[in-house]
């Protein structure tokens, strides 16, 4: 999808080293950088380990598979010629996952920068040279110049000077689960406006929606059953009928079929059928 950011991750054949020297790491990035420069797109973050690599990249109108094929072909040729070997260098195609919201993009940047720490190579992010953490910090990074570099949205070049410091940059916020958001207050508000969970919650607040638990609770009042019974896999007729009625009532309240289905661990189709059944049989008053 043109304009979208993706998480690319690739590994050496049979988990063998992908890089044997600093020069190999520079070459790997140069091949990707040249491919993006020619075909369009950008590199937004990276972390190069011994036998694998992570990149966050933005696609242009040219499909990503053409970009990484060009980069991997060039690096494989360089790798084999340098070591007088032959054969595959990479373990198949790289993994490729689309990043569909800003908060996940920020968490992903944090995740790949922490790879060397989780692997036990270094004790702190700042002690590992071969990640884009240096690009987001005030550390000097003159070992490579990436022409296709582009900072992902919502992430500022100004980051914490020391990862052990709990203070935030001006305008910083904490995401859920203690993750750090770095950027301006305006960027944060823009992220929240685009975030579907936040948007839907605010919409319900404006419309005065009741919670799904409250609606389901009223359905089962005086029946002797619990909400956990409705969420269970029980096929007991009475439980199934109460579950369908709760789904229909929640959907009628204005919740979507997908989120209603997730609440009961059912598919959206089950919710739609439940609503249609109850709409034909009787009005839903909860």
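Nothing in this text is a laboratory measurement; each read-out follows from the coordinates by a stated rule. A quick note: this is a predicted structure, and the numbers were derived from the prediction, not measured. Here the Cβ positions follow ideal geometry from the backbone for every residue, glycine too, while neighbour counts run over all protein chains shown.
Computed values, structure above
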{"read-out": "Simple label model, 7 Å out from Cα along Cβ direction - residue 267 to residue 237, nm", "value": "2.5"}
{"read-out": "Inverse of mean 1/r across different Cα pairs in region 74-152, Kirkwood, Å", "value": "15.5"}
{"read-out": "Column: log10 I(q)/I(0), Debye, Cα scatterers of region 5-165, q = 0.15, 0.21 Å⁻¹", "value": "-0.80, -1.59"}
{"read-out": "Ordering of 45-58, 261-274 by burial proxy (mean other Cβ atoms within 10 Å per residue, highest first)", "value": "45-58, 261-274"}
{"read-out": "Rh by Kirkwood over Cα pairs, then Stokes-Einstein D for region 210-281 at 1.567 mPa s and 4 °C, µm²/s", "value": "110"}
{"read-out": "Pairwise Cα inverse-distance average, inverted: Kirkwood Rh of region 1-87 (Å)", "value": "13.2"}
